[in-house]
Every structure is written in structure tokens, then in C-alpha cells.
Amino acid sequence: MPQMNRDQRNAAWQAANQWRARAAQTQPTGLIGSLKLLLTWLAFGALMIVGVVLGLFFLLIGWAMMPFVRHKMKKRMEQMRADQAQDIGGGYAGSQHQSNQYDALEGSYEVKDETRRH
């Protein structure tokens, strides 16, 4: 068992050394490597700035639209309240309904005669 652990440790050390060697090879050397690194960071920074500006722009548009949306929702709620008050207040006075007919929310129902109880 200790031999296996030592082999695993050696494999991990070898992998770490290979990774370190590859990282050293990919570091920019010379003027062209430095220019590539600088241009990469500049492009990343520019994209970050564009993203932040677009985010702030859409945030400001959302805030500017809030009063209009609130006004529209307020009008819709007033209309719903008026419709509900009209449904509750009257509507049975005309020839819409007969005196013995009732509306159910969903489905149908039947009134059982109490004299027929067993």
C-alpha cells in the first residue's frame, strides 16, 4: 500500500511539473507576446465597459417606463373594479334572468327536496 501511495504522489508531482512547464512556455516572451497580452486585456476591458454601459442604459429605460406601466395598471384595476361593481349592483333587474334561476361559478347543481329525506 505505501508503494502505491508513493506512485500516486510521483504521478501528481509529474503532472504538476508538466503543467508548470507548459505555463512557462505560454508566457509571453518578447515584444510580440507582450503586445498580444496587452491587446487581450484591452479587448477584455472594452467588453466589460460596453457591458456595464448597456446594463445601466437598460436599467434607466426600465426606471423611466415604471410610471407609465403603473398608470396603465391603475387604469386596468379601476376598470376591473367598475365591472365588478356593475356585476354586483344590478344586472338582475332586466330580462336577463328569471326569478328562480341562479348562476353557479362552475358546473351545475340541483336543489334537493327536504321532504324526500330517508
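The values are calculated or read from the model by the stated rules, or taken from the named source; none is laboratory data. Just so you know, these numbers come straight off a predicted model, no measurement behind them. So basically every Cβ, Gly included, is an ideal-geometry build from the backbone, and we count neighbours across all protein chains shown.
Is it true that some residue in region 56-63 is part of a helix (DSSP H, G or I), exposed (fewer than 10 other Cβ atoms within 10 Å of the Cβ) and modelled with pLDDT under 85?
No, region 56-63 contains no residue that is part of a helix (DSSP H, G or I), exposed (fewer than 10 other Cβ atoms within 10 Å of the Cβ) and modelled with pLDDT under 85.
Which residue pairs have Cβ atoms closer than 7 Å, lie 6 or more positions apart in sequence or on different chains, and pair a first residue in region 19-32 that is assigned to a loop (DSSP other than H, G, I, E, B) with a second residue that is among the charged types (D, E, K, R) and modelled with pLDDT of 80 or more?
That search, which allows pairs on different chains as well, returns Pro28/Lys36.
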